[in-house]
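Novice: Sending over a structure as structure tokens; questions will come in a sec.
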Amino acid sequence: MAEISEAQDSDSSKLLDSDSKAPQRPDSEPEFEPKLMRKSKPGLKRLFLTFSVLFSFLLGFPFLWKSVEIYRSPLPFREIDSLSTQLRSDTLLFPLHFHALFVGFDSDPDRLRRSILSEITKLTSQNPKCSDNYTLSVTVDLGSRCLRGPTSSPHSSSYQCGSVTAAAFVQNDDVAVDERLASVFGGKTKEYSVAVVKGGSERAVVGKYRHAWMVVGDGSDVGMAAVKVAEVLVKVFINGGREEGLIRNEFMPVGADGKIVLSFNLLNADPHDWVYDWDFEKIDDTLLTPMIEALGPVANISVESQVLYHTPKASFSYWNQKLESYVFSTKDLPFFVNSNEWHLDTSIAAGGRSKILQFAVYVPSAKECPLLLQLPNGEISKTNGFISPMWGGVIVWNPQGCLKDSEFKPSAKNIIPIQDLENMFEVFIGQFRQLFGFKSLNVYTNASGDWNLLPSERGFTEWELDVLSWQHTCFNLHSCATTLGSLSRLVQSLPRMIIKDEIGKQVKLSLEAAKLALSNASSGVYESSAASSSQARSLAEDAFFDPSIMSVSYYSFEHCFAVYSPFFLPVSMHVVLAALRELKRYKQEKAKYLAWKAKANTAT
């Protein structure tokens, strides 16, 4: 027992010795809690790296946005709206001045003026888009002196008394009278004059310039003459001899770019019978060039020609024993043009939005020659041709000896006689006039009687060109405003639409041309207003139909977000969450360090 107790005492003494040797904590040192405190200051390296990645994403976002940005040239939206509002609210007025001259009448000019103005008001139809701002002056020529109304009118005072006498109308030479009146009324100012002369054989003629004359009997009523004057001023000089008035809904024969391509085609139905050619250059110089120059302010016209072979017609004809010829009726006209065999091609320059009018001379084969067109009333057409709206016209030309086939050698080339060619192209010019809405006949009939219309060597008289200029200006300006308005609404509705500088330039030039056309129209410069309005419409159409506008890259911001978010959103979310977690960790570690430091300061 004694040994066991001694061993226990020795072990306890060793433990006491070891405890005495362990380091002792100073009484001033605070108690450390590892979960709530830390003795070292937290580092910024991890936080710096994480936020560097985040800032690199944020700095790269503007570059990404710039890379997908759509370039948009600034457009003058306010000016476009101003033009549309001006044309919609204010009627475009064309200033016109009428002058009525009465020779051999002893009447009060003011009373005649009131009577004519009253009739003009009744006959004039108001157009909501375009109208006429007309003035009227009346001169009564008594030979020795003149009575004028109103006396302050500069137009009536420019007429010299005694310049027009009844003796000039006795010979019934309308061409000479037309030239005489042109020298009397022609001046710097554009006025439309009507001369009423008492004495001689009664007739009424409209010249190729801007005047007309009427010869009445000695016992004619001056009141009835005033009514006829008003009718010719409104029905002919304003409406152009058409019943629908000044402005139609669409200016049919002219393309959107203001160009017309006249394609003339000589069609040999069967070259095994005969082959015909023509001297087109001579006809172009003598007949077509003057007409093209006259229509220059209205349209830019180019001419092409070709000769085709193996071009049979698509309709059938029958033999008429009485006429000893083959006949096709007006019912067959829709099937006459054979689009499968008539390859009426045009040059590359005729493409785009230009209006192409086809004029064809059809030379029938020996199996159906001569070929005549029978009208609905049973008579044979004098021109042996017809027009097709929006397409052109066709003339059937029968060779002089087509019934005597033996006189023609097979496949021999023949030339159409120049006289026949001139007659055919005069018919073509008449068909071209009809496509513009004018009459092909040189007679205008109204309630007061018939008026003979003198033709012009250029195909269109001066007053007809004025009517075309008004019509062209009115339609083009409203078309330009409509097109620019549509473009403005389209661009504003699609914020990501590409708008090139070329489009912006075209829009600005179109607005400038439209303003110039409005200024010229209000000043009475009809040719310049027509040319400017054509340019304004063409530029507006070019801007609206620019190929870049038709691109498929017009997408909304929602579409852009839907395309790029699957790639950038997951990556950016991880970067943002990592930055938030690191910031939270840094704040926690810093709070531990501050807690330990505060406890240590308290203990000391």
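The values are calculated or read from the model by the stated rules, or taken from the named source; none is laboratory data. Please read all numbers here as calculations on a predicted model, not as lab measurements. All Cβ positions, glycine included, derive from the backbone under ideal geometry; neighbour counts span all protein chains shown. Side chains are part of the model used for accessible areas, which takes the heavy atoms of the whole protein and leaves out ligands, DNA and RNA. Shrake-Rupley method; radii C 1.70, N 1.55, O 1.52, S 1.80 Å.
Novice: For a test of understanding, tell me how many lysine pairs in the stretch 259-436 have Cα atoms under 20 Å apart, given they are 8 or more places apart or on different chains.
Specialist: 12
Novice: Let's see if you can work this out: charge +1 on each Lys and Arg Cβ, -1 on each Asp and Glu Cβ, no other charges. What is the dipole magnitude of the stretch 259-436 about its Cα centre, in debye to the nearest 20?
Specialist: It comes to approximately 500 debye.
Novice: Here's a follow-up. Under a Cβ-only charge scheme (Lys and Arg +1, Asp and Glu -1), can you give me the dipole magnitude of the stretch 212-346 about the Cα centre, in debye to the nearest 20?
Specialist: The dipole magnitude comes to about 520 debye.
Novice: Given the chain, what percent of its DSSP beta bridges are antiparallel, to the nearest 5?
Specialist: Taking every DSSP beta bridge with both residues in the chain, the antiparallel ones total about 25 percent.
Novice: OK, next. With a 1.4 Å probe and all protein chains kept in place, how do THR124, THR461 rank by accessible area, largest first?
Specialist: Ranked list, largest accessible area first: THR124, THR461.
Novice: With label points built 7 Å along Cα→Cβ from the Cα atoms of ALA595 and ALA182, find their separation and express it in nm.
Specialist: Here the answer is 11.2 nm between the modelled labels.
Novice: Hey, if you put +1 on the Cβ of every Lys and Arg and -1 on every Asp and Glu Cβ in the chain, which of PHE460, ILE499, SER388 ends up farthest toward the positive end of that dipole?
Specialist: Towards the positive end, the residue furthest out is ILE499.
Novice: Could you work out how far the C-alpha centroid of the stretch 32-76 sits from that of the stretch 88-142, in angstrom?
Specialist: So the separation of the two Cα centres works out to 81 Å.
Novice: Would you please give the residues with an amide H less than 5 Å from that of GLY393, counting only those at least 5 places away or on a separate chain, with H modeled from the backbone geometry?
Specialist: Excluding prolines and chain starts, which carry no amide H, the hits are GLN358, PHE359, ALA360, SER388.
Novice: Go through SER522, ASN442, TRP470 and say which Cα lies farthest out towards the positive end of the charge dipole of the stretch 416-549; charges sit on Cβ, +1 for Lys and Arg, -1 for Asp and Glu.
Specialist: Positive-most Cα among the choices belongs to SER522.
Novice: With each run of n ≥ 4 DSSP H residues scored as -39500 (n - 2.57), what mean residue ellipticity at 222 nm is computed for the chain after dividing by its residue count and rounding to the nearest 500 deg cm²/dmol?
Specialist: When only DSSP H runs of four or more count, the value is -13500 deg cm²/dmol.
Novice: So which aspartates and glutamates pass the test for LYS39, namely a Cα distance under 19 Å, with those fewer than 8 places away in the same chain ruled out?
Specialist: ASP27, GLU29, GLU31, GLU589
Novice: Just to verify a number: what accessible area does ARG489 come out at with the full protein assembly present, 1.4 Å probe, Å² rounded to tens?
Specialist: Accessible area of ARG489: about 150 Å².
Novice: Testing the spin-label approximation: label points 7 Å from Cα along Cα→Cβ at GLU281 and LYS322. State their distance in nm.
Specialist: Calculated label separation equals 4.8 nm.
Novice: Highest first, please rank the peptides 296-306, 535-545 by the mean number of other Cβ atoms sitting within 10 Å of their residues.
Specialist: Order by mean packing, descending: 535-545, 296-306.
Novice: Suppose every K and R has +1 on its Cβ and every D and E has -1 on its Cβ; what is the size of the dipole of the chain about the Cα centre, in Debye to the nearest 20?
Specialist: Computed charge dipole of the chain: roughly 2820 debye.
Novice: Pull up the cross-link candidates among the lysines for LYS41, meaning alpha carbon to alpha carbon under 17 Å and not fewer than 8 places away within one chain.
Specialist: LYS584, LYS587, LYS590, LYS592, LYS597, LYS599
Novice: Something else about it: For the pair LYS45 and GLN492, what calculated FRET efficiency results from E = 1/(1 + (r/R0)^6), where r is the Cβ-Cβ distance and R0 = 60 Å, to the nearest 0.05?
Specialist: Calculated transfer efficiency: 0.70.
Novice: With Cα Rg over 2.2 N^0.38 Å as the read-out, I listed [x] 1.07; [y] 1.38; [z] 1.82; which label goes with the value calculated from this structure?
Specialist: Given [x] 1.07; [y] 1.38; [z] 1.82, the structure-derived one carries the label [z].
Novice: What residue among PRO370, PHE169, ASN414 has its Cα farthest toward the positive end of the dipole of the chain, where the charges are +1 on Lys, Arg and -1 on Asp, Glu, each on the Cβ?
Specialist: Result: PHE169.
Novice: Sort by residue number and report every cysteine in the chain with no other cysteine beta carbon within a distance under 4.7 Å.
Specialist: CYS480, CYS560
Novice: Rounded, prolate or oblate: which fits the stretch 259-436, taking a ≥ b ≥ c as square roots of the Cα gyration tensor eigenvalues, rounded meaning a/c under 1.5, else prolate when a/b beats b/c?
Specialist: Cα axes put the stretch 259-436 in the prolate bin.
Novice: Can you pull the one-decimal nm distance between simple spin-label points at LEU375 and ARG78, each 7 Å off the Cα toward Cβ?
Specialist: The two pseudo-label positions are separated by 6.1 nm.
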